[in-house]
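The values are calculated or read from the model by the stated rules, or taken from the named source; none is laboratory data. The structure presented is a predicted model; accordingly, all values stated were derived computationally and were not measured. Note that we place each Cβ from the backbone using ideal geometry, even for glycine, and neighbour counts take in every protein chain shown.
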Amino acid sequence: MLKLFDRQTTGSKFCDGHSRRTFLQIGAMGSLTLPQLLQAEAASGVTNSHKAVIMVYLCGGPPHQDMYDLKPDAPAEVRGEFSPIKTNVPGIEICELMPKMASMMDKFVPIRTMANCQGGHTGFQCFTGNIPNNEPAGGWPHIGSVVSKFQGPVHDGVPPFVSLCYTTQHKPYNEPKAGFLGLGHSSFRPSGPGKDDLVLKDITTDRLGDRKTLLASVDRFRRNWDNSGQMEGMDSFSQRAMGILTSSDLFKALDITEESPETIELYGQGDPKKPKGDGAPRVPQNLLLARRLVEAGVRVVTVNYSFWDWHGSNFKNAKDELPVFDKGISALVQDLHDRGMADDVSVVAWGEFGRTPKINKNAGRDHWPRVSSALLACGGMKTGQVIGQTDRQAGEAIERPVRFEEVYATLYRNLGINLNSDRLFDFRGRPQYLIPPGTQPLDELI
């Protein structure tokens, strides 16, 4: 075990319950450590292109009919309090609480007919494209883990998959692991004080190299006794961990104070220490952080954002949440365009299901898996359009129902990943497909 001690031996614990400020474990047995979080087998034929995905998970299921699919002619108990406003794309209207998005709708694609949602409060389908049952041995992998497996890192010192997601009180909101792809393709999570462990303190690089040599001999011994296969590739995995420690790229990317105050203000700010409900905090500056990480070389960045399970006071909550979301997501998309990144970085924002057409007695909307919405942008996709149409109450898809796996096929295409280029097997040795065979990307976006 290698421990790099900070001068401070106390500090708040990170979201996994361990103190990241006090030590960094490399090659430790038992707990998930930095090398275990960064190991990936670089797929053959990796190019120099840097395609990426920023995924924003809206914990709890946002109300589609109060955001992108308003029904002003529906009965009062359905239509709600808000009015639609015109956007800069003729024929497309969205909620009046999102004027920034409306002014640049030519850069977005709302999908109004996500039609194969599961009915429970879990982010699993958003993060994997699969439903959380009938899982293969080891479990379905996170999209970031898939990208880590097929493409590996862009360069040393920056992991391919970074999660900015907070650990939520409602556990099913939390991200799944790497599944049958193995621990080496798990996310790197730099949130909170753990950022201070990304640089060497009180140790020279020569001394670090000596400890790395010792660690390698210990890991070879462990590998000889490992029957699970999880140790395979630990050498390259530890190499990446060392790359992060001896490079400042990731550390600098995580410091948004290097941005101008004007840019930070464009995104807005929230308090990461104040969760909303049993979901995530509302932290729009993490959208800026996601852009910075992609610029530094990260391929997949995930953000969980606020709390959208509004069984009561739906419209009061929307008045509080939607303008902040509108500001942050619009700033992100405009920023990607301004920096010449729009063709390479796909953005998706969605929740696990939609909300009931009929408003309940508490002025809220309940769970509605029959139809939901998603918001896509950039990635070289054909934007400035709406996909799908619902009935007059926004309760059923009547035109172009869209499945989660179709969105995933589109994202993998945008990343340049051919899922059929490498056969994948679960922990029982059975072949697995990450999306159903024959699933095609959305034609409307190509």
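Show the residue pairs that are 6+ apart or on different chains and have beta-carbon atoms under 9 Å apart, the first residue being within region 321-342 and touching a residue at least 12 places away in the same chain (Cβ under 8 Å), the second being in a helix (DSSP H, G or I) and of a type in the set (Gly, Ala, Ser).
These pairs meet every condition: 326/102; 330/103; 332/290.
For residues that are part of a loop (DSSP other than H, G, I, E, B) and in contact with a Gly (Cβ under 8 Å, 6 or more places away or on another chain), scanning just region 361-374, find the one that is surrounded by the fewest Cβ atoms within 10 Å (Cβ to Cβ).
Checking each candidate, the answer is 362.
So, in region 149-195, of the ones that are among the small types (Gly, Ala, Ser) and assigned to a loop (DSSP other than H, G, I, E, B), which residue ends up nearest to residue 295 (Cα to Cα)?
Per the stated criteria, the residue is 157.
Of everything in region 93-148, what is among the β-branched types (Val, Ile, Thr) and part of a loop (DSSP other than H, G, I, E, B)? Give them in sequence order.
Within region 93-148, 122, 131 meet the criteria.
Is it fair to say residue 290 is of a type in the set (A, V, I, L, M, F, W, C) and at pLDDT 95 or above?
Considered against the rule, which asks whether it is of a type in the set (A, V, I, L, M, F, W, C) and at pLDDT 95 or above, residue 290 comes out as yes.
All but one of (1) part of a strand (DSSP E or B); (2) hydroxyl-bearing (Ser, Thr, Tyr); (3) surrounded by fewer than 23 Cβ atoms within 10 Å (Cβ to Cβ) hold for residue 346, so report the exception by its number.
Tallying (1) part of a strand (DSSP E or B); (2) hydroxyl-bearing (Ser, Thr, Tyr); (3) surrounded by fewer than 23 Cβ atoms within 10 Å (Cβ to Cβ), residue 346 fails exactly one: (3).
Please go through region 261-312 and give me each residue that is within 15 Å of residue 162 (Cα to Cα), of a type in the set (A, V, I, L, M) and in contact (Cβ under 8 Å) with a residue 60 or more places away in the chain, ordered by number.
287, 289, 290, 293, 294, 296, 298, 300, 301, 303
Working only within region 377-408, note down all residues that are of a type in the set (Phe, Trp, Tyr) and either touching a helix residue (DSSP H, G or I) at 6+ places or on another chain (Cβ under 6 Å) or surrounded by fewer than 20 Cβ atoms within 10 Å (Cβ to Cβ) (or both).
Scanning region 377-408 gives a single hit, 404.
Name the single residue, out of those in region 261-319 being touching an Asp or Glu at 6+ places or on another chain (Cβ under 9 Å), assigned to a helix (DSSP H, G or I) and of a type in the set (S, T, N, Q), that is surrounded by the most Cβ atoms within 10 Å (Cβ to Cβ).
314
Give the residues of region 330-342 that are acidic (Asp, Glu) and closer than 13 Å to residue 294 by Cβ, sorted by residue number.
Hit for region 330-342 is 335, nothing else.
I want to confirm something. Restricting to region 409-427 and keeping residues that are in contact with a strand residue (DSSP E or B) (Cβ under 7 Å, 6 or more places away or on another chain) and assigned to a loop (DSSP other than H, G, I, E, B), which single residue is surrounded by the most Cβ atoms within 10 Å (Cβ to Cβ)?
Per the stated criteria, the residue is 426.
Within region 356-372, does at least one residue satisfy the condition of being under 18 Å from residue 405 (Cβ atoms) and of a type in the set (A, V, I, L, M)?
Yes, there is a match, as at least one residue in region 356-372 is under 18 Å from residue 405 (Cβ atoms) and of a type in the set (A, V, I, L, M).
Any residue in region 158-183 that is farther than 27 Å from residue 309 by Cβ sitting within a Cβ distance under 6 Å of a residue that is among the acidic types (Asp, Glu) and part of a loop (DSSP other than H, G, I, E, B)? List the pairs, counting only those 6 or more apart or interchain.
If the second residue must be among the acidic types (Asp, Glu) and part of a loop (DSSP other than H, G, I, E, B), the pairs left are 180/426.
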